[in-house]
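Colleague: Got a structure here, written out as structure tokens. Questions coming.
The values are calculated or read from the model by the stated rules, or taken from the named source; none is laboratory data. Computed from a predicted structure; not experimentally measured. When we count neighbours, we look across all protein chains shown, and the Cβ atoms used for this are built from the backbone with ideal geometry, even at glycine. Please note that ligands, DNA and RNA were not included when accessible areas were found on the heavy atoms of the full protein model with its side chains. Shrake-Rupley method; radii C 1.70, N 1.55, O 1.52, S 1.80 Å.
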Amino acid sequence: MTPLKWFYSFLKQYRKWMFLGIFLTTIIAALSIVNPYISGIIVDDVVKAGNYDLLPWLIACLIGVTFLNSILRFLYQVVFETASQGTLYDMRGKVYRKLLEEDFSFYNKKRTGDLMSRQTGDMEAIRHFIAYVIYAVYQNILLFIFALLMIFTVNGKLALCMLLVLPFTAFATYSQSKEVKPAFQRNRNCFSSLNAFVQENISGNRVVKAFAKEDFEKEKFRVENDKFRDSQIKASRVWMKYVPIFEILSYALTVILMLYGGYMVIEEEISLGDLVKVNGYLWMLNMPLRMAGWWVNDIQNFITSVEKIYATYNEEPKVRTPRKEKSRQKLRGEVEFRNVSYHADDEDIVTDINFKVKSGQTMGIIGSTGAGKSTLMNLLCRFYDTSSGEVLVDGTDVRKMDLYNLRDNIGMAMQDVFLFSDTIEGNIAYGRPDCNFEEVKHAAIMADANHFISALPEGYDTIVGERGVGLSGGQKQRISLARALLKDPSILILDDTTSAVDMETESYIQQQLKTIQQGCTVFIIAYRISSIKDADLILVMDHGRIIEQGTHDELVAKNGYYAKAFQNQYGEIPYELLKEKRER
């Protein structure tokens with residue numbers, strides 16, 4: 001499907017409105033020939049012939065046509081605006097739903113500002129095309145045709161003289177259309193880049209201020225702003241070059257009428273009233289010629305916007321739900337990795353991962369930064385698909401499971417905590433928006449968040465800022481944990497969830513987690529030994545591989561990586577062991 005066919009699939013749902021608008025536009029164009037025709041009659045039959053009895057009727061016709069024209073113009077603008085808003089509503093909704101279906105790989109490549117510009121600036125260009133450009137182009141084509149036909153009825157030679165301008169107009173329009181498309185593509189790209197830059201810096205303004213980099217960011221913004229300005233200027237130079245040509249061609253019609261038309265009146269080939277008629281039709285010829293360049297700009301802007309939106313929409317996610325998925329059900333939570341490897345961009349992230357966790361058990365994962373700990377959980381949630389091997393939940397490959405049922409059975413407190421600009425209650429109840437307040441409060445108590453939430457002026461109704469601004473790191477982590485616990489999941493993933501809380505809070509949370517372990521498989525990714533030492537199975541990862549696994553006592557007895565990490569956190573470390581660790 002081409003971008004324009006995709007666009008038409010939305011527009012055709014409002015074709016009744018469009019046909020009504022086109023019908024009204026046709027009537028308006030037809031009515032436009034009446035007033036000049038009556039003006040010619042007034043000159044010939046009233047002024048020159050002295051038949052004044054006709055004057056009241058002719059004036060009444062002029063007023064009546066003008067009044068009717070005004071009403072129809074109001075109606076057709078309402079009709080086209082209704083069609084444009086309806087089309088945009090459907091398109092925006094479908095694009096947004098598609099964005100929600102995209103996987104992590106898609107968002108890893110896209111910038112938020114670029115995606116926002118698809119939903120704002122590009123959508124507005126489409127609305128402008130439907131609401132204005134379509135009827136404007138159609139109406140002016142009709143005006144030009146009707147005017148020429150009426151001039152032919154007055155005098156064929158005069159009409160042919162005016163037709164001499166058409167080939168030059170057509171050539172100028174074609175030349176401009178070829179130049180303006182790449183200019184608008186460059187313009188939309190620069191706008192997206194500027195939009196992405198601004199969005200990113202507004203979101204990260206606290207980092208900017210913390211490092212006192214305001215001047216640095218101002219200079220970067222100036223560079224992006226200059227690029228956008230230059231692209232705008234380059235695009236404007238295209239129509240700056242051609243618009244004067246269209247103006248000259250439109251004025252050429254006036255010159256032809258005044259010189260040749262005046263000569264024909266002197267020679268009595270046409271009457272003065274006929275000259276007045278043709279002069280009245282002249283604006284109907286001038287307007288299309290003068291506006292042709294602008295409409296080419298609008299059309300190319302529309303085509304560019306549709307192409308960019310469709311290119312974003314048309315990207316299919318690599319992770320998809322199988323067509324013959326099982327019905328949604330509560331999972332037991334048994335997890336097994338069989339010979340799992342995953343690589344991205346020619347880089348091995350995890351290699352040959354094998355382990356099995358029974359339902360209700362707790363598994364701890366520890367390792368250095370970049371060892372692949374979070375990647376294992378991303379594969380379990382099927383944010384990415386394995387390059388080889390299988391991830392099994394309850395004995396079924398996750399690639400054969402209903403994607404939404406799988407994730408609905410998983411509660412995840414992510415390493416990068418994201419809170420919505422909503423109440424604290426709304427953030428905790430995000431996974432179960434229909435739950436009652438007591439359940440929200442119970443989850444907050446388990447996450448040791450109730451005491452600080454209750455101390456806030458608005459309590460659970462407190463609105464948190466964007467991404468949880470206004471809360472400490474530990475507070476955000478506990479709200480995120482409460483959100484995961486409230487789902488009552490079969491599998492609970494805690495990705496470095498207690499790194500920003502004190503040891504006393506961490507100990508309390510661990511005790512609370514023990515109360516939910518029956519029937520819930522828990523994965524804990526941590527750097528602190530204290531967070532995972534009571535786990536049924538502990539994996540030690542390094543460079544994407546499992547280098548050790550076992551219980552806490554078994555791993556300490558092995559005197560390997562885990563034992564050294566334990567000694568580092570809980571006791572004195574011999575200098576030789578510390579030096580060896582640093583050299584690894």
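Colleague: Please compute the net charge surrounding residue 131, taking Lys and Arg as +1 and Asp and Glu as -1 over other residues with Cβ under 12 Å from its Cβ.
Modeller: Charge balance near residue 131 sits at -2.
Colleague: Also, quick follow-up: Sorted from largest to smallest, which semi-axis lengths in Å does the alpha carbon gyration tensor of the stretch 488-552 give for its equivalent ellipsoid, taking the root of 5 times each eigenvalue?
Modeller: 20, 15, 11
Colleague: Please list 552, 451 from largest to smallest accessible area, probe radius 1.4 Å, with all protein chains kept in place.
Modeller: 451, 552
Colleague: Treating only the Cα positions of the stretch 338-487 as identical point scatterers, give the base-10 log of I(q)/I(0) from the Debye formula at each q in 0.13, 0.20 Å⁻¹.
Modeller: The computed values of log10 I(q)/I(0) come out as -0.71, -1.18.
Colleague: Further question: Mind checking the per residue accessible area of the chain for me, 1.4 Å probe, whole number of Å²?
Modeller: 52
Colleague: Nearest-5 percent of antiparallel DSSP beta bridges in the chain?
Modeller: If we restrict to bridges inside the chain, about 55 percent are antiparallel.
Colleague: Using only the Cα atoms, what convex hull volume per residue in Å³ does the stretch 282-416 have?
Modeller: Roughly 204 Å³ of hull volume per residue.
Colleague: Which angle between 0 and 90 degrees, to the nearest 10, do you get for helix 503-514 versus the longest principal axis of the chain when only C-alpha atoms count?
Modeller: In the chain, helix 503-514 runs at an angle near 90 degrees to the longest axis.
Colleague: Long-range amide H contacts for residue 493: which residues qualify at under 5 Å (H placed 1.01 Å from N, peptide plane, sequence gap of 5 or more or a different chain)?
Modeller: 411, 412, 413, 523
Colleague: Please enumerate, by chain and number, the lysines with C-alpha under 18 Å from the C-alpha of residue 234, excluding those fewer than 8 residues away in the same chain.
Modeller: 178, 181
Colleague: Related question: Farthest toward the dipole's positive end in the chain, which of 360, 192, 295, given Cβ charges of +1 (Lys, Arg) and -1 (Asp, Glu) about the Cα centre?
Modeller: Value computed over the given set: 295.
Colleague: Stokes-Einstein diffusion coefficient for the stretch 41-132 at 4 °C in a medium of 1.567 mPa s, Rh from the Kirkwood formula over Cα pairs: what value in µm²/s?
Modeller: For the chosen part, D equals 73 µm²/s.
Colleague: As an exercise, identify the chymotrypsin sites (Phe, Trp or Tyr not before Pro) in the stretch 40-72 lying in DSSP coil whose Cβ has no more than 13 other Cβ atoms within 10 Å.
Modeller: Answer by residue number: 52.
Colleague: Calculate the tail of P(r) for the stretch 53-209: the fraction of all Cα-Cα distances greater than 26 Å, expressed in %.
Modeller: That fraction is 58 percent.
Colleague: Here are labelled values, [x] 3, 14, 20, 22, 17, 12, 8, 4, 1, 0; [y] 3, 12, 17, 18, 14, 10, 8, 7, 5, 3, 1, 0, 0; [z] 3, 10, 13, 14, 16, 15, 12, 8, 5, 2, 1, 0, and one is the computed P(r) over Cα pairs in 10 Å bins from 0, in percent for what I pasted. Which one?
Modeller: The value computed from this structure is option [y].
Colleague: So who's got an amide H within less than 5 Å of the one on residue 343, skipping anything under 5 residues away but keeping other chains? H placed 1.01 Å off N, in plane.
Modeller: 349, 387
Colleague: Same structure, new question: Write out the chymotrypsin sites (Phe, Trp or Tyr not before Pro) in the stretch 317-393 meeting two conditions: DSSP loop, and at most 12 other Cβ atoms within 10 Å of their Cβ.
Modeller: Sites meeting the loop and neighbour criteria: none at all.
Colleague: Using θ = phi - 60° and the Karplus relation 6.51 cos²θ - 1.76 cosθ + 1.60, list the HN-Hα couplings for the stretch 22-27 in order, rounded to whole Hz, with x at every Gly or Pro.
Modeller: These are the phi-based 3J(HN,Hα) values: 5, 4, 5, 5, 4, 4 Hz.
Colleague: Near residue 425, within a Cβ-to-Cβ distance under 11 Å, what is the net charge of the other residues, with Lys and Arg +1 and Asp and Glu -1?
Modeller: -2
Colleague: Taking GluC sites (Glu not before Pro) as exposed when DSSP calls them loop (any state but H, G, I, E, B) and at most 11 other Cβ atoms lie within 10 Å, what is the longest stretch of the chain free of them, the sites themselves excluded?
Modeller: 1-266
Colleague: Looking at the stretch 436-546 from every direction and averaging, what is the projected area of its Cα convex hull in nm²?
Modeller: Mean projected area of the Cα convex hull: 8.1 nm².
Colleague: Please sort by residue number the trypsin sites (Lys or Arg not before Pro) in the stretch 306-405 whose DSSP state is loop and whose Cβ has at most 10 other Cβ atoms within 10 Å.
Modeller: Loop-located and lightly packed - 323, 324.
Colleague: Of the heavy-atom accessible surface of the chain (probe 1.4 angstrom), what whole percent is carbon and sulfur?
Modeller: Of the solvent-accessible surface of the chain, carbon and sulfur hold 57 percent.
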